[in-house]
Amino acid sequence: MTKLRTGDPWMPAPQYGASLTGLGVNLLVRSIEQALPFQRHVLTAEVVYSDPDIAVLRYGEAEWMLHADHTYDGHPLHARLPGDGEARGGGTELRLHGRDPDEAVAAARRAGFEVLAEPADKPHGLREAHIYDADGYLWVPDVPLQAS
């Protein structure tokens, strides 16, 4: 994963990852800087945190993240990102926090759904898997890693 941020983020990634609950949405964007005006002005979202790699946004109780394309360069989804000018829906991850990824992958396989990435422990403090539904949306069930 390529990072352009210099310095420390507003909180450690594992701490932020463990704080997530409910349904989470990560939107892949070409540029955080270019994406923020729409988020701020059209959606009137609060920018909780922003750097060249990620942004955390909030509106009411909803919170979502923007990730710059370059932060996914080592991720299996990167190869499926649309080209310049194409719709970005294919770069969306729908995260379901609290759903065990190992159980979800087993259920997906039984039902014949495509597993893009096996369950894995990630440096941001979550165990997660990547699964496509029948309409091609990428769902990411995840749980916090156990503290050691």
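Values for this structure:
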read-out: Matching option when the condition is touching a residue at least 60 places away in the same chain (Cβ under 8 Å) and of a type outside the set (S, T, N, Q), among 66, 43, 28; value: 28
read-out: Among (1) modelled with pLDDT of 85 or more; (2) part of a strand (DSSP E or B); (3) not aromatic (Phe, Trp, Tyr), the one test that residue 74 misses; value: (2)
read-out: Selection from segment 86-104 of residues that are at pLDDT 85 or above and assigned to a helix (DSSP H, G or I); value: 101, 102, 103, 104
read-out: Looking only at segment 11-36, and only at residues there that are among the small types (Gly, Ala, Ser) and part of a loop (DSSP other than H, G, I, E, B), the one that is farthest from the chain's Cα centre (by Cα); value: 31
read-out: One residue from 68, 13 being out of contact with any Asp or Glu (no Cβ under 6 Å at 6 or more places or on another chain), among the hydrophobic types (A, V, I, L, M, F, W, C) and under 25 Å from residue 141 (Cβ atoms); value: 13
read-out: Scan of segment 41-73 for residues that are of a type outside the set (A, V, I, L, M) and over 14 Å from the mean Cα position of the chain (by Cα), ordered by number; value: 41, 44, 46, 49, 50, 51, 52, 58, 59, 60, 61
read-out: Flag for residue 144 being surrounded by 14 or more Cβ atoms within 10 Å (Cβ to Cβ) and either under 18 Å from residue 14 (Cβ atoms) or among the charged types (D, E, K, R) (or both); value: yes
read-out: Options 36, 43, 94, 23: the member that is hydrophobic (A, V, I, L, M, F, W, C) and buried (at least 16 other Cβ atoms within 10 Å of the Cβ); value: 36
read-out: When residues of segment 106-141 are limited to those that are under 19 Å from residue 90 (Cβ atoms) and of a type outside the set (A, V, I, L, M, F, W, C), the one surrounded by the fewest Cβ atoms within 10 Å (Cβ to Cβ); value: 135
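The values are calculated or read from the model by the stated rules, or taken from the named source; none is laboratory data. All figures in this text were calculated on a predicted structure; none of them were measured in a lab. Quick reminder, even Gly has a Cβ in these numbers, built from the backbone with ideal geometry, and neighbours come from all protein chains shown.
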